[in-house]
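Structure first, commentary second.
The values are calculated or read from the model by the stated rules, or taken from the named source; none is laboratory data. Note that this is a predicted model, so its numbers are computed, not measured. Cβ placement follows ideal geometry from the backbone for every residue including glycine, while neighbour counts extend to all protein chains displayed. Just the protein is used for accessible areas: all its heavy atoms, side chains included, with ligands, DNA and RNA removed. Shrake-Rupley method; radii C 1.70, N 1.55, O 1.52, S 1.80 Å.
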Amino acid sequence: MSPLATPLANPAGPTTRRVSPETRLLQVAAEHLGRFGARRLTVVGVAEEAGMTHANVYRYFPSKAELIDAVAGQWLKEVEASLSDIADSPDPADDKLERFVLAIARQYRECAERNAHVFDVYVAAVEHSRGIARKHRTRQLRLLERVIDEGVTTEVFNPRDRDRAIAFVIDAVQRFVNPAMVRIDVRVPRAVLDERLNVMLRVVLRSLAVGQV
């Protein structure tokens, strides 16, 4: 919101925006997940702080696991929104691809550093192929395909085979965007990983441009 204009005061007093029970549960669950981790979080504790019975929680989330996945799912939607913005931007495809990969690496790393319990939920979801992980991967892949296809159409990329080119990009940057690897590398200085990723991206962009894949 622009700071140029200040809304007029409401003569009847400030209005309170009602928060839906589902939203409130997710807010409290996110707070508890950050403090206690998935193992120590309890549905009873979330329900009490949200001001409802634990039986009522199950009206919105059939299990503790689904409640926790929903919290991680909110963060993944934010990641997807940022990637969609990059894919929709008017920039050249090679610039988009570089920013796309860097955005994933940066957001995963930041979550692993600042909200490790949420990131642990995502890593576990990937390892067990749970719904939030499968949906996130599918959405990421579709956006990546759009960027590659745009590059082919505009002749920024000249791959020999479109599907092999997409697989090549995924394989090349795996260390920096695979959640399990991101968690392992969280103690490696960010500057070191950034330099390695930048080198790999230069290789990827060059390979796509000259048709090496």
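Observations on the model:
- Inspection of the stretch 129-137 finds a residue satisfying the criterion of being in a loop (DSSP other than H, G, I, E, B), surrounded by 14 or more Cβ atoms within 10 Å (Cβ to Cβ) and touching a helix residue (DSSP H, G or I) at 6+ places or on another chain (Cβ under 8 Å).
- Test: residue in the stretch 140-158 that is in a loop (DSSP other than H, G, I, E, B), more than 21 Å from Ser84 (Cα to Cα) and open to solvent by less than 60 Å² (accessible area, probe 1.4 Å): no
- Lone unmet requirement of (1) open to solvent by less than 60 Å² (accessible area, probe 1.4 Å); (2) among the small types (Gly, Ala, Ser); (3) without any contact (Cβ under 8 Å) to a residue 12 or more places away in the chain for Ala209: (3)
- Against the numbered list (1) within 25 Å of Val210 (Cβ to Cβ); (2) in contact (Cβ under 8 Å) with a residue 40 or more places away in the chain, His117 comes up short only at (1).
- Filtered residues of the stretch 87-115 (kept if open to solvent by 40 Å² or more (accessible area, probe 1.4 Å) and either part of a loop (DSSP other than H, G, I, E, B) or touching a Lys or Arg at 6+ places or on another chain (Cβ under 8 Å) (or both)): Pro90, Asp91, Pro92, Asn115
- Complete set of residues in the stretch 34-68 that are outside any helix (DSSP H, G or I) and among the small types (Gly, Ala, Ser): Gly51, Ser63
- Of the residues making up the stretch 184-191, at least one is assigned to a helix (DSSP H, G or I), touching a residue at least 60 places away in the same chain (Cβ under 8 Å) and farther than 21 Å from Glu127 by Cβ.
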